[in-house]
1. Sort out which residues of the range 81-115 are over 17 Å from the mean Cα position of the chain (by Cα) and either in a strand (DSSP E or B) or modelled with pLDDT of 90 or more (or both), and write them in order of number.
2. Where the second residue is assigned to a loop (DSSP other than H, G, I, E, B) and polar (S, T, N, Q) and the first is touching a residue at least 60 places away in the same chain (Cβ under 8 Å) and closer than 14 Å to Tyr107 by Cβ and lies in the range 5-26, which pairs have Cβ atoms under 8 Å and are six or more apart or on separate chains?
3. Have a look at Phe68, Phe90, Phe55 and point out the one that is over 21 Å from Trp6 (Cα atoms) and surrounded by 11 or more Cβ atoms within 10 Å (Cβ to Cβ).
4. Tell me which residues, restricted to the range 12-48, are out of contact with any strand residue (DSSP E or B) (no Cβ under 9 Å at 6 or more places or on another chain) and within 18 Å of Val83 (Cα to Cα).
5. Using beta carbons and a limit of 7 Å, which pairs, at least six apart or on different chains, have the first residue in the range 89-115 and under 22 Å from Gly21 (Cα atoms) and aromatic (Phe, Trp, Tyr) and the second one assigned to a loop (DSSP other than H, G, I, E, B) and modelled with pLDDT under 90?
Amino acid sequence: VLEEGWRCLFAFYAFDEMIPGTTRYYVQEQFEPHQRIRVGQEPTYFHGWQDYATFCAFDVPMPGASRFSVHFLTQSPETRTAVAEQSRIFFGDAWEPWQQKCNFYAYAAPTMLFD
């Protein structure tokens, strides 16, 4: 279920457990000063990050898999001043002020728009 104001742009299939050629990714969330996520290959518990989910995805291209990128933001897009860390998973390259963190490869899933 999506919270009000959010929508699903894309979805992917990943593994619950590691298999050869995959890495575990940790998705964490925080709600101060606003709701945001962090995605990384290691969890952190500094600054109030809480575990949300984990998934395992390929490190290198695989037949039929799509590249997904993890980007991070440390400054405001509007003012270029420091902001609380946040991440996003995207299907394209990073553009400023977002920075490239890493790529993973997973199988794209059908998406539905939720009203």
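1. Correct list: Ala82, Val83.
2. As it stands, the answer is Phe10/Thr111; Ala11/Thr111, since those pairs meet every condition given.
3. Phe55
4. Phe46
5. Phe91/Phe10
The values are calculated or read from the model by the stated rules, or taken from the named source; none is laboratory data. As the structure is a prediction and not an experimental result, all values here were calculated from the model. FYI the Cβ positions are ideal-geometry reconstructions off the backbone, even for glycines, and counts take in every protein chain you see.
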